[in-house]
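Written below as structure tokens is the structure these notes are about.
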Amino acid sequence: MSINPAALPGADRKLYAWAAGVAIFIAVGGFARTYYLKFAFDTPPLSGLIHLHAALMTAWVVLFVTQIRFIAARRKDLHRNLGLLGAALAAAIVAVGVPTSIEAARRGITTPGMPPLTFLVVPLATALVFAVLVTFGIAFRRRTDIHKRLMLLATLSILTPAIARVPWEAFRAGGPLLFLGLTDVCIFAFVAYDTVKNRRLHPAFGWGTLFILISQPARILLAHTAAWDRFAAWLTA
């Protein structure tokens, strides 16, 4: 991640500081019972693969917050150097997230109303969307206005699993459409703030948000096709 401090005025700092706070709140709140505060709750044990996946996702949120702090402190050098770690971490998240999702489907982990193999498309698509946004964010690292917005969208796009784990059964019964919808609410809030502040919708936010929105019904539609059933069965065989 590489952002020019001069291109991050006070309003921008507030936007990304709020984004960091939201990411921490949702991630910790969603996974408190099953991971962060697991010792205090009687929840099932976790495999080594899940522990690794959780550690990588936690590291991404910590990295996101750290990078924002470096820019606020005008430490562009540290921000740029840590960006190399960010690229490697993003690749690791995808590399570990895919087999973690497949293993969860094998174990029958799903959301209410969706068989495990049908639901598998949701976390896999989340990994794909994250990978695409981060890849373009890195490619545009010298265009700070594009880069910072794509990285923000990438981080918000992976909050859906945490939202889905809110320990309220009536809420969880809403299923993927509700979880994805609340993810969109978070995204729209930050995009709207940025748009009003700058008096225009930035293309990176426009195209990035559109990409996320198109991916959501697409994954649900794909999940209910015979082709996906066969593919998911092959993945989990």
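The values are calculated or read from the model by the stated rules, or taken from the named source; none is laboratory data. This one's a predicted model, so the numbers in the text were calculated from it and none came from an experiment. Neighbour counts run over all protein chains shown; Cβ positions are idealised from the backbone, glycine included. These area figures cover heavy atoms from the full protein model, side chains too; ligands, DNA and RNA do not enter into them. Shrake-Rupley method; radii C 1.70, N 1.55, O 1.52, S 1.80 Å.
Some points to look at:
- Sole exception among (1) closer than 24 Å to R172 by Cα; (2) open to solvent by 20 Å² or more (accessible area, probe 1.4 Å); (3) within 16 Å of the chain's Cα centre (by Cα); (4) of a type outside the set (V, I, T) for A27, by number: (2)
- Hits in segment 200-223 - residues which are surrounded by 15 or more Cβ atoms within 10 Å (Cβ to Cβ) and small (G, A, S): A204, G208, S215, A223
- Among residues of segment 142-159, those that are surrounded by 20 or more Cβ atoms within 10 Å (Cβ to Cβ), of a type outside the set (V, I, T) and part of a loop (DSSP other than H, G, I, E, B), counted: 1
- Residue selected from segment 38-52 under the condition modelled with pLDDT under 90 and among the hydrophobic types (A, V, I, L, M, F, W, C), by the criterion nearest to the chain's Cα centre (by Cα): L46
- Boolean, K197 is within 16 Å of L15 (Cα to Cα), open to solvent by less than 30 Å² (accessible area, probe 1.4 Å) and part of a helix (DSSP H, G or I): no
- Close pairs from segment 135-154: first under 21 Å from S215 (Cα atoms), partner open to solvent by 50 Å² or more (accessible area, probe 1.4 Å) and part of a loop (DSSP other than H, G, I, E, B), Cβ under 7 Å, at least 6 apart: I146/F140; H147/F140; H147/R141; L150/F140
- One residue stands out among those in segment 224-237 that are in a helix (DSSP H, G or I) and under 17 Å from S101 (Cβ atoms): the one that is least open to solvent (accessible area, probe 1.4 Å), which is A232.
- Beta carbons closer than 8 Å, at least 6 apart along the sequence or on distinct chains, pair a first residue in segment 1-27 that is part of a helix (DSSP H, G or I) with a second that is modelled with pLDDT under 50 for Y16/L8.
- Which numbered condition T100 fails, given (1) in a helix (DSSP H, G or I); (2) among the hydroxyl-bearing types (S, T, Y); (3) free of Cβ contacts under 8 Å to residues at least 12 places away in the same chain: (3)
- Residue in segment 109-116 that is crowded, with 17+ Cβ neighbours inside 10 Å, assigned to a helix (DSSP H, G or I) and in contact (Cβ under 8 Å) with a residue 24 or more places away in the chain present: no
- The residue that is least open to solvent (accessible area, probe 1.4 Å), counting only those in segment 167-179 that are touching a residue at least 60 places away in the same chain (Cβ under 8 Å) and over 16 Å from the mean Cα position of the chain (by Cα), is G175.
- Look at segment 38-53: where a residue is more than 24 Å from T126 (Cα to Cα) and a partner is of a type outside the set (D, E), sitting 6+ places away or on another chain with Cβ atoms under 8 Å, you get K38/L46; F41/R33; F41/T34; T43/R33; T43/T34.
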